[in-house]
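Reviewing the structure listed below.
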Amino acid sequence: MPRSLLTLCSMLALAACSTDPDLDSDGDGLTDVIEAELGTDPTLADTDADGYTDSQERHAGTDALDPASLIYAGGWPYNINKDSIADPGWDQETSEGLLVPRFRALDQFGDEVDLYDFAGQGVPIVLDLGTWFCDPCKSLAAWLSDGDTSELDELGWWNDDFVALREKVNSGELYWLTVLFSQGTPVSQQDASDWDDEWPNEHIPVLADTELQLQGYLDVTAMPHISVVEPDMTLTIWGQGPQPGLRHLVNSF
Ligand SMILES: [Ca+2]
Ligand SMILES: [Ca+2]
Ligand SMILES: [Ca+2]
């Protein structure tokens, strides 16, 4: 065994230490050799237990040894392979079956969130677009926050079947992104923060579409607007109104 690997093996103190330089004992995407160099634990995918793997933290440039150093303060997913998604850009026509452009926006914590970080996790994504002036949007937010459907029950499009979707959001089986926009005074990061203060759900990023990019692309006029995106970023349901998207999701679980 080469001297360097002997040294590594003694450092790692692994029962089954191998001479394989490609060995990734914890399957986190970093070899044991690289983890020894970084000081991360080769037997733990997430050394600092902050929800992001050592490999994700290295990719994002955060500290894999510091639980206070997070990729997103909100704990949103991170996709190491997001650059491989063929971003069609905002000039592409909007159509079900096509990829959604790479939307980036500030969230309630001030982090710039990349929509493509939610790709590749095997979890469908809801794009819920609304405004402060849309009362049903706020009723939807209230339900997502505390489960209260009393305001939604008054609305013609609401169905009791949709209640199950909140459980999917809270269990991580469904990503729900609330995206705020405004046709008048542009929304700001403060709006995202205020919205989250009013109707908090720790699983839901609230994003400020300051440039009306997603709002324009999805041609949002009726609200709440619910579009559904597959894990590969294909637009599956291009919502006009909330019902088609919510119905599709209920049927897909
Ligand atoms: Ca590893
Ligand atoms: Ca590791
Ligand atoms: Ca960390």
Exercise. Roughly how many debye, to the nearest 20, is the charge dipole of the chain about its Cα centre, given +1 on each Lys and Arg Cβ, -1 on each Asp and Glu Cβ, and no other charges?
Worked result: 460 debye
Problem set entry | Where GluC sites (Glu not before Pro) in DSSP loops with at most 10 other Cβ within 10 Å are excluded, longest remaining stretch of the chain | 94-201
For this session: Can you find, among TYR175, GLN92, LEU144, the residue farthest towards the positive end of the dipole of the chain? Put +1 on the C-beta of Lys and Arg, -1 on that of Asp and Glu.
Result: GLN92
Exercise. In the chain, what % of DSSP beta bridges are antiparallel (nearest 5)?
Worked result: 55 percent
Problem set entry | Estimated FRET transfer efficiency (PHE253, GLU37; beta-carbon r; R0 30 Å; 0.05) | 0.10
Problem set entry | Cα centroid of the range 174-205 to Cα centroid of the range 69-135, whole Å | 14 Å
For this session: Sort 19-28, 117-126 for me by packing, meaning the mean count of neighbouring Cβ atoms within 10 Å per residue, highest on top.
Result: 117-126, 19-28
Problem set entry | Cβ-based charge dipole, the chain, positive-most Cα from PHE109, MET233, ILE34 | MET233
Seminar exercise, completed: Charge dipole of the chain built from unit charges on the beta carbon (Lys, Arg +1; Asp, Glu -1), centred at mean Cα; most positive-end Cα among PRO21, ILE125, GLY245 is GLY245
For this session: Net charge near LYS82: determine it from the other residues with C-beta under 10 Å of the C-beta of LYS82, scoring Lys and Arg +1 and Asp and Glu -1.
Result: -3
Exercise. Can you give the charge dipole size of the range 78-141 about its Cα centre, rounded to the nearest 20 debye, using +1 on the beta carbon of Lys and Arg and -1 on the beta carbon of Asp and Glu?
Worked result: 120 debye
Problem set entry | Cα gyration tensor shape for the range 84-252, rounded if a/c is under 1.5, else prolate or oblate | rounded
Problem set entry | Total formal charge among the other residues, if their Cβ is under 15 angstrom from that of ILE237, Lys/Arg +1 and Asp/Glu -1 | -4
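Each value in this text was obtained by applying a stated rule to the coordinates, not by laboratory testing. Fair warning: this is a prediction, and the values are worked out from it, not measured in the lab. A quick note on method: Cβ atoms are made from the backbone with ideal geometry, for glycine too, and the neighbour counts reach across all protein chains shown.
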